[in-house]
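Q: Would you mind keeping the following structure in view while I ask a few things?
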């Protein structure tokens, strides 16, 4: 299952009465792509479609996750969380390394000159009082 199929499955789990057009707008993909994704989920047995009359008295489809779809969604959610936690840990390690590097780097000549210069960097009065 790819990422877009997973997102489609999650959206249909939240609201199975979404039309493909509404799903397309919500996901930011074309209507044709949503149709392809829904058909792929139907073919894989992750969802099933039932016809019903919506509030505008039009025939619409309701998408329901099958037991296989629920299992796939749980497994994909677990893998997604694992991947994001791994990314988070890698980022925190990288941030910590960068912090250590910046603390151990010698101060640049320009920064040292600004810090030790006799001319104040900020005006002696608050902004707006000049």
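The values are calculated or read from the model by the stated rules, or taken from the named source; none is laboratory data. Keep in mind it's a predicted model, so treat the numbers as computed, not measured. Neighbour counts run over all protein chains shown; Cβ positions are idealised from the backbone, glycine included.
Q: On the given criteria, is residue 99 surrounded by 10 or more Cβ atoms within 10 Å (Cβ to Cβ), over 30 Å from residue 1 (Cβ atoms) and either within 30 Å of the chain's Cα centre (by Cα) or modelled with pLDDT of 95 or more (or both)?
A: On the way: surrounded by 10 or more Cβ atoms within 10 Å (Cβ to Cβ): yes; over 30 Å from residue 1 (Cβ atoms): yes; either within 30 Å of the chain's Cα centre (by Cα) or modelled with pLDDT of 95 or more (or both): yes.
Yes, satisfied.
Q: Residue by residue through region 25-50, note down the ones that are closer than 25 Å to residue 79 by Cα, outside any loop (DSSP other than H, G, I, E, B) and without any contact (Cβ under 8 Å) to a residue 12 or more places away in the chain. Write out each step before concluding.
A: Initially, region 25-50 is screened for residues closer than 25 Å to residue 79 by Cα, giving 26-29, 33-34, 36-48.
Restricting the remaining residues to those that are outside any loop (DSSP other than H, G, I, E, B) gives 26-27, 33-34, 36-44, 47-48.
36, 39, 42, 43, listed by residue number.
Q: Can you tell me which of (1) surrounded by fewer than 15 Cβ atoms within 10 Å (Cβ to Cβ); (2) under 16 Å from the mean Cα position of the chain (by Cα); (3) at pLDDT 95 or above is the one residue 71 doesn't meet?
A: Every listed condition holds for residue 71 apart from (2).
Q: With touching a strand residue (DSSP E or B) at 6+ places or on another chain (Cβ under 6 Å) and in contact (Cβ under 8 Å) with a residue 40 or more places away in the chain as the only criterion, which of 18, 65 stands out?
A: Residue meeting the stated conditions: 65.
Q: Another question, if that's okay. Out of contact with any strand residue (DSSP E or B) (no Cβ under 9 Å at 6 or more places or on another chain), surrounded by 10 or more Cβ atoms within 10 Å (Cβ to Cβ), under 28 Å from residue 18 (Cβ atoms) and modelled with pLDDT of 95 or more: does that describe residue 41? Give the derivation first.
A: On the way: out of contact with any strand residue (DSSP E or B) (no Cβ under 9 Å at 6 or more places or on another chain): no; surrounded by 10 or more Cβ atoms within 10 Å (Cβ to Cβ): yes; under 28 Å from residue 18 (Cβ atoms): yes; modelled with pLDDT of 95 or more: yes.
The answer is no for residue 41.
Here is a yes/no grid of residues against (1) at pLDDT 95 or above; (2) in contact with a helix residue (DSSP H, G or I) (Cβ under 8 Å, 6 or more places away or on another chain); (3) over 18 Å from residue 3 (Cβ atoms):
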| position | (1), (2), (3) |
| --- | --- |
| 80 | no, yes, no |
| 83 | no, no, no |
| 106 | no, no, yes |
| 114 | no, no, yes |
